[in-house]
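This report refers to the structure that appears directly beneath it.
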Amino acid sequence: MRWLLADWRLKLVSLVIAIALWSYTSGQVRVERQVQVELSPARVGGLPPGLTVAAIDPPDFVAVISLPANKTQALREGVLRPHLELPRAREAGTVELTLTSRLLGLDSDMRIVRTDPALRSIGVRLARLITATLPAEPPPVLGLPSGLSAEVRLDRTRIEVRDSAERLAMFEASGEPLRFAPIRLDGIDPALSAPLEERVALHVVEGLPQPLDPVVATVIVAPARSASATLQVPVALLLPARHSGRWRVEPAEPLTTLRIEGLEAAVRSAQPGDFLAWVDLRREPPPGSLIVPVQVQGPPGLRLLPSPITLQILPAGDAVAPAPTP
């Protein structure tokens, strides 16, 4: 043990130096990582009053970053969503931002090796803000326990928004209403027996024009009521390939009377186009009149009760027999 304790101060200093050298050299080993860079107008700061971001060119690109091996965890997600800060811009037009590591929010010891496509700068196009009034639709409600339904009432159905003239013109031409992010209601008692009313502040879906004033909705949660309805749904005919040219089926475009049962909200919103109905005749049905069952697929949560349909299998040149007179 004497040899271990001899000159212990010198040995301790040597150990500290060795650890420092190891830390320094490990930090000098560099690796390259590929990341996806996504640029959003919502993450642009320094906008002058009366201007908005009309577009970013490019909106996304791939970058290869060189960084110390001990910092790879900083890019573990493989995606960068940097906050772009504009210089003092006063007028509408395009602001060119030189592409640097600092612009992407990277540490000083991280370097951009290359990009795809090759870039030297990022263009942020600014436009003057104008206002318009757009129709809005209530957002969906998520997180409700089974057996409960929610009704969403907006405090106003036409919303005054502000954006660039170009973006507003494109949005108005699309004919789509202003959409909001879904409302999430967690913690609602599944045994709720009386209506519950909540006031919720809404947030516009990212990328759409922003309201001038906050938009609030009233959400009324209540026990779901069941309902039923009857729809006329087109039926597809599945026929064997060898059937073509030899036989024909009448009517060629049959309809089935579909009874649907379920929660009132789902039944109310159901349309014939939401359902896929068909009959399978691929087993070479015999000629004549047939009553065949109909198979149906539709939205989940609904009970589907299709009525059978009557078909006539006829040689290709035969006429359809007239319906009997009552």
Filter the stretch 1-54 for residues that are in a loop (DSSP other than H, G, I, E, B) and at pLDDT below 70; the one that is farthest from Ala118 (Cα to Cα) is Met1
message = When you check Leu311 against the structure, is it more than 30 Å from Leu196 (Cβ to Cβ), surrounded by 15 or more Cβ atoms within 10 Å (Cβ to Cβ), out of contact with any Pro (no Cβ under 8 Å at 6 or more places or on another chain) and not assigned by TED's automatic domain parsing to the domain that holds Ile183, yes or no?
response = no
Filter the stretch 241-268 for residues that are out of contact with any strand residue (DSSP E or B) (no Cβ under 7 Å at 6 or more places or on another chain) and surrounded by 14 or more Cβ atoms within 10 Å (Cβ to Cβ); the one that is nearest to Asp163 (Cα to Cα) is Ala266
Given (1) in contact with a Lys or Arg (Cβ under 7 Å, 6 or more places away or on another chain); (2) not assigned by TED's automatic domain parsing to the domain that holds Val152, Lys71 misses just (1)
| message | Suppose the filter is acidic (Asp, Glu), loosely packed, with under 12 Cβ neighbours inside 10 Å and farther than 30 Å from Pro211 by Cα; does Glu77 pass it? | response | yes
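Using the structure shown, decide if Gly273 is buried (at least 17 other Cβ atoms within 10 Å of the Cβ) and under 21 Å from Pro140 (Cβ atoms).
Values: buried (at least 17 other Cβ atoms within 10 Å of the Cβ): no; under 21 Å from Pro140 (Cβ atoms): yes.
Criteria not met by Gly273.
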When every residue in the stretch 186-197 that is at pLDDT below 90 and charged (D, E, K, R) is compared, the one nearest to Pro223 (Cα to Cα) is Asp189
request  = Confirm whether Val161 is assigned by TED's automatic domain parsing to the domain that holds Gly262 and assigned to a strand (DSSP E or B).
outcome  = no
Of the residues in the stretch 203-259, those that are among the small types (Gly, Ala, Ser) and closer than 30 Å to Arg153 by Cβ come to Gly207, Ala217, Ala222, Ala224, Ser226, Ala227, Ser228, Ala229
Within the stretch 114-132, residues surrounded by 13 or more Cβ atoms within 10 Å (Cβ to Cβ) and assigned to a strand (DSSP E or B) come out as Arg114, Thr115, Ser121, Ile122, Gly123, Val124, Arg125, Leu126, Ala127, Leu129, Ile130, Ala132
Expected single match for modelled with pLDDT under 95 and either touching a helix residue (DSSP H, G or I) at 6+ places or on another chain (Cβ under 7 Å) or on the phi > 0 side of the Ramachandran plot (or both) among Arg282, Arg242, Arg248, Arg225 is Arg225
Test for Arg283: is it among the basic types (Lys, Arg) and either under 30 Å from Ser146 (Cα atoms) or surrounded by 17 or more Cβ atoms within 10 Å (Cβ to Cβ) (or both): no
Answer yes or no: is there a residue in the stretch 105-115 that is touching a residue at least 12 places away in the same chain (Cβ under 8 Å) and in contact with a Phe, Trp or Tyr (Cβ under 9 Å, 6 or more places away or on another chain). yes
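The values are calculated or read from the model by the stated rules, or taken from the named source; none is laboratory data. Note that the structure is a prediction, hence the values are computed from the model and not measured. Glycine gets a Cβ as well: all are built from the backbone with ideal geometry, and neighbour counts include every protein chain shown.
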